[in-house]
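All remarks here apply to the structure that follows.
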Amino acid sequence: MSELNNIALQIISDGKGILAADESTGTMSKRLENVGIESSAQNRLSFRETLFTADSMSNCIGGVILYDETINQKSKNKKIPEIISDQGSFPGIKVDTGAKTIAGSEEEKVTEGLDGLRERLKIYSDLGAKFTKWRGVYIISNEYPSKLAIHSNSHALARYAALVQEANMVPIIEPEVLMDGEHSAKECYNKTSDVIKKCFEELILNKVDLTGIILKPNMILAGNKSKKKISGEEVAKLTIECLKKSVPKEVPGIAFLSGGQSEIEATENLHLINKFNTTKFIMTYSYGRALQQGALKHWSKDLKDIEGTQKIFNHRAQMNTLAAQGKWSKEIEKK
Ligand code: 13P
């Protein structure tokens with residue numbers, strides 16, 4: 001077993017999942033302002049630290065994805081990556097610098113951040129990061145994602161992953177097909193398959209060790225404005241079929257993004273995926289909003305109520321960890 005495969009497995013085995021706390025300052029500011037909280041560096045840290053010191057970190061959260069600001073912050077003289085490692089979880093870091101409009105396109109984006117990446121990876125590794133994340137984002141319409149968008153993002157994801165492995169860290173590879181729009185689940189299935197297949201073509205070309213990565217895809221869902229919603233069982237079956245056909249068998253695990261699903265929906269769909277999973281891939285979560293929403297709402301009403309906020313976060317993490325083992329139920333959710 002390679003060292004990278006070993007780290008990847010430790011992050012996602014036994015129902016453990018990933019806490020995506022890597023919102024850029026712009027995105028985090030929107031999240032905080034939405035609940036009436038001023039987005040100061042201290043407030044951003046206080047909320048995140050409340051999650052990182054919760055009990056569920058040690059038995060549910062195998063890894064935390066941080067943003068540059070947070071990986072450089074300290075609390076009570078302890079570095080944030082150290083607080084995470086002390087909980088038995090792995091600190092990770094988002095290393096892309098965001099999605100920018102493709103030249104000549106009005107809507108499609110390509111993710112940037114390759115320039116100087118090798119040097120930045122060294123700094124993050126020295127700060128304690130054991131894994132990294134890069135997100136390529138796609139919109140769906142009749143003509144999108146275009147061949148150009150798929151080619152550009154797959155190429156960037158593969159060059160990113162090769163550099164990350166060279167620096168002895170596990171790359172999380174996130175090609176996200178957004179759920180925004182009126183498209184059907186079948187369209188999401190077809191377009192997600194195209195995007196993932198092309199991504200692996202490029203990863204192989206760049207000699208990335210597929211046993212030392214974690215794939216972070218979207219689930220197969222109908223668009224959020226679609227009139228043809230599908231059941232959780234159908235989401236699970238389509239998602240499994242799509243991944244079975246487009247992901248090479250060497251990949252140890254898949255950690256889904258929540259992408260705008262509600263907390264319960266994201267948990268239930270993950271549970272059903274694991275219930276029906278006929279592949280050897282570990283299927284778990286790497287949720288941002290679907291792990292944090294309830295806790296953030298509670299915290300915003302009383303910034304001093306750390307215990308109450310952690311209680312809500314612990315419950316969400318435990319529910320998702322059960323879902324990652326196919327052991328969740330509506331009854332357990334309510335307890
Ligand atoms: P969501 O789970 O909120 O979609 O965030 C996951 C993530 O890391 C997006 O890049």
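When all alpha carbon pairs of the chain are counted in 10 Å bins from zero, the resulting P(r) reads 6, 27, 37, 25, 5, 0 %. Rg over Rh for region 1-108 works out to 1.04, both radii taken from alpha-carbon positions and Rh defined as the Kirkwood radius.
How far apart, in nm, are the 7 Å Cα→Cβ label points at K327 and D209? Label-label distance for K327 and D209, simple model: 3.1 nm. Take 269-281, 24-36, 136-148 and order them by the average number of nearby Cβ atoms within 10 Å per residue, most first; the result is 269-281, 136-148, 24-36.
Based only on other Cβ atoms within 10 Å, what is the fewest-to-most ordering of M283, M219? In order of increasing Cβ crowding within 10 Å: M283, M219. Using 0.36 nm per residue and subtracting the Cα-Cα separation, the extra length available between H151 and T279 on full extension is 43.4 nm.
DSSP beta bridges fully contained in the chain are about 15 percent antiparallel. Highest mean first, the peptides 39-50, 64-75 sorted by other C-beta atoms within 10 Å per residue fall in the order 64-75, 39-50. Out of C242, I273, G253, whose Cα points farthest toward the positive end of the dipole of region 205-335 (charges: +1 Lys, Arg; -1 Asp, Glu; placed on Cβ)? Checked the options; the winner is C242. Which one of N5, T25, S56 is farthest out on the positive end of the charge dipole of region 1-60, using unit charges on Cβ (Lys, Arg +1; Asp, Glu -1) and the Cα centre as origin? Sorting the options by dipole projection puts first T25.
With each pseudo-label sitting 7 Å past Cα toward Cβ, what's the K30-N77 distance in nm, one decimal? Each label point lies 7 Å from its Cα, and together they span 4.0 nm.
Rg(Cα) of region 222-332 divided by 2.2 N^0.38 Å?
It is 1.16.
Region 254-279 and region 294-323 have their alpha-carbon centroids 20 Å apart.
Over region 15-120, what is the mean sequence separation of C-alpha contacts under 8 Å (at least six apart), divided by residue count, expressed as relative contact order in percent? About 25 percent, as a whole number.
Charge tally for S105 (other residues, Cβ to Cβ under 14 Å; Lys, Arg +1; Asp, Glu -1): -1.
Read-outs: derived from the displayed coordinates by stated rules, not from any lab. These figures come from a predicted structure and were not determined experimentally. We place every Cβ from the backbone using ideal geometry, glycine too, and count neighbours over all the protein chains shown.
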